[in-house]
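Enquirer: Input: one structure, supplied below.
A short reminder: the numbers here are calculations on the coordinates, not readings from a lab. These numbers were taken from a predicted model, which means no experiment stands behind them. Here Cβ is always computed from backbone atoms with ideal geometry, including for glycine, and neighbour counts include all displayed protein chains.
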Amino acid sequence: MNIRVVPTTPFGDQKPGTSGLRKKVAVFQAAGYLENFVQAVFDTVLVGASAQSGPTLVLGGDGRHYNREAIQVILRMAAANGFGRVLVGQGGILSTPAASCVIRKYRAFGGLILSASHNPGGPDGDFGIKYNTGNGGPAPEKITDAIFARSRELTAYRIVDAGDIDLDRPGLATLGGMQVEVIDPVADYADLMESLFDFAAIRELVAGGFSLCFDAMHAVTGPYAKEIIEGRLGAPAGTVINGVPLPNFGGGHPDPNMTYAHQLVETMYGADAPDFGAASDGDGDRNMILGRGFFVTPSDSLAVIAANAALAPGYAAGIAGIARSMPTSAAADRVAEKLGVPCYETPTGWKFFGNLMDAGRVTLCGEESFGTGSSHVREKDGLWAVLFWLNILARQRRSVEDILYRHWAEYGRNVYARHDYEALPTEAANGLMEHLRSRFAELPGRRLGRYMVKFCDDFSYVDPVDGSLSTGQGLRIVFEDGSRIVFRLSGTGTEGATLRVYLEAFEADPMRQRVDAQLALEDLIAVAGELSQLRQRTGRERPTVIT
Ligand code: VG1
Ligand code: CO
């Protein structure tokens, strides 16, 4: 095997964000950019692994532009860095939850997932790369910080001279002294789903005329959804729309929300809408759930799943606890309280759930950003959430809307909305956050509209398992009645800054629970705008995306 040690200089900007390193495709294509980051990962994670001979790496991505080229480079670098075996998804494809499943099932050392998730793809779009550890989950901050530090001092990367591996033919190949196994990206994942949910009940529901539509948004979930929903569950062909993964996602923005999943939204709000609609994002870890003419807020979805978990065979014995990211509504907290299980509040990003799941403290996790999952893997899982809903619907035989109305009547409703202001000038966004912080001292005890401020803070988190501290995770303004406004800057965007404003108000009265969230939150929205000087500082009249 001919290993080349290629001299390089650091880029200085390879700091992983909320979920891996995300940049424009052109940035990743610059000479040495991908190689440097991968070398920084290998240098960081292989320390101490030297005792283990020939560790196994899992490799795959969401199929976006540059996926295949990047995989060939990483394979050659893995061989040069001492990996013994790489499991790579056929065609270079692995959804994020499937990669997590494969890492765990085959007890791999870790994995590299190539994705910029819901960010647009194509030559002018984004690319991304993320390292997951042997538990199947995204590397925690202490590892991503070490990777960044290593990337800044790198002087060379290692790569073998070899030709491309045929990614389209399943089976074994060798590269240098390393084994490459091209695996079916769907089978292991589909088997895991079948072990968790009542497929017989769902099959019966579907055979009985229950209609559904799943929008894969030309992203990675297409083959998974076709195998599971149309194949194993017997839904008619055509149930999965936009099911062929494309390198540019068909020109769309594979972000399953009311704005970007417009084809599905039009179907679900049109005449003859199906009973159930769902969509997933670029890398298959997000989900959006819709009933006929009805949108389920992700925070509510987590709460409904928790309240009905026992209906699914994989969760029939009960759940150990729930964790949610701080900006996610407290709807799940109310369910946890009733079930008598703990509920944890973590910073944004799935990497903060890993320790809690590994320690057996929680079973279900969720984020307001269309992310739901459980300890079956260590990533959020779009299709898993869809199947959980189908399992609940099959057993309850009620409409999605009816399930929500009953849930709210029992637990109260945490009316919720998120307003995103995308691609703001970075200085304007930082200035707005700074301004808010400067007001924190005088706000407690003051009345803003009909809300009385209880406390404000910059959220920080001490991991109860390993004691690590994470600071600066979002500005909270919490009111006496439990309502709150949260301001946070995105850690996944690649253009300027994205400001997220999260709004939440509790409504206990069933007579007033069925109103539109934007209307119910009108006063809170106005308070948020005034408090942050949003219009003056950003020049924006309205959010880019409302969810
Ligand atoms: C966003 C979401 C966060 C999610 C992250 C990764 O991060 O808010 O909840 O974990 O994306 O999801 P940010 O920093 O932009 O708010 V994914 O599907 O892009 O891997
Ligand atoms: Co994603």
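Enquirer: To the nearest µm²/s, what D does Stokes-Einstein give for the range 28-172 at 37 °C and 0.692 mPa s, using the Kirkwood radius over alpha carbon pairs as Rh?
Expert: Values: Rh = 15.3 Å.
Answer, rounded: 215 µm²/s.
Enquirer: On the principal axes of its Cα set, how long, how wide and how thick is the chain? Give whole Å, largest value first.
Expert: Between the extreme Cα coordinates on each principal axis of the chain lie 72, 59, 42 Å.
Enquirer: Would you compute the Debye intensity of the range 326-403 from its alpha-carbon atoms alone, equal scatterers and no solvent, and pass along log10 I(q)/I(0) at q = 0.15, 0.18 Å⁻¹ to two decimals?
Expert: Evaluating at q = 0.15, 0.18 Å⁻¹ gives log10 I(q)/I(0) of -0.58, -0.83.
Enquirer: Indicate the gyration tensor shape class of the range 106-195 (rounded, prolate or oblate), computed on the Cα atoms with a ≥ b ≥ c the square roots of the eigenvalues: a/c under 1.5 is rounded; otherwise a/b larger than b/c is prolate and the rest oblate.
Expert: rounded
Enquirer: Find the all-direction average of the projected area of the Cα convex hull for the range 214-355, expressing the result in square nanometres with one decimal place. Intermediate results must be reported in sequence, preceding the final value.
Expert: On the way: hull surface 38.8 nm².
Orientation-averaged projected area of the Cα hull: 9.7 nm².
Enquirer: Moving on to the next point. For a paramagnetic label modelled at 7 Å from the Cα of Ala49 toward its Cβ, which residues of the range 88-111 fall within the zone defined by backbone nitrogen distances under 13 Å?
Expert: 103, 107-111
Enquirer: A follow-up question, please. Shape of the range 1-78 from its Cα gyration tensor (a ≥ b ≥ c, root eigenvalues): rounded if a/c is under 1.5, otherwise prolate when a/b > b/c, or oblate?
Expert: It is rounded, given that a/c, with a ≥ b ≥ c, falls under 1.5.
Enquirer: What length, rounded to one decimal in nm, is gained on full extension from Ser195 through to Ala271, with 0.36 nm per residue of separation minus their alpha-carbon distance? Write out the running numbers ahead of the final one.
Expert: Values: separation 76, 0.36 × 76 = 27.36 nm, distance 3.58 nm.
Gain on extension, Ser195 to Ala271, equals 23.8 nm.
Enquirer: Quote to one decimal, in nm, the extra length available between Ser399 and Ala173 on full extension: 0.36 nm per residue of separation minus the C-alpha distance between them.
Expert: Value of the extension gain: 76.4 nm.
Enquirer: If you don't mind, there's one more thing I want to ask. Tell me whether the range 255-328 comes out rounded, prolate or oblate; compute the Cα gyration tensor, take square roots of the eigenvalues as a ≥ b ≥ c, and use a/c under 1.5 as the rounded threshold.
Expert: Since a/c reaches 1.5 and a/b is larger than b/c, the shape of the range 255-328 is classed as prolate.
Enquirer: On to the next question. Once the piece of chain linking Asp509 and Arg203 is laid out straight, how much longer is it, given 0.36 nm per residue of separation minus the C-alpha distance between them?
Expert: 106.5 nm
Enquirer: Using 7 Å Cα-to-Cβ label points, what is the Ala317/Met1 separation (nm, one decimal)?
Expert: Here the modelled spin labels are 4.1 nm apart.
Enquirer: Counting other C-beta atoms within 10 Å, and keeping those with at most 15, which DSSP coil trypsin sites (Lys or Arg not before Pro) do you find in the range 1-89?
Expert: Working: sites: Arg4, Arg22, Lys23, Lys24, Arg64, Arg68, Arg76, Arg85; in loops: Arg64.
Nothing satisfies the criteria.
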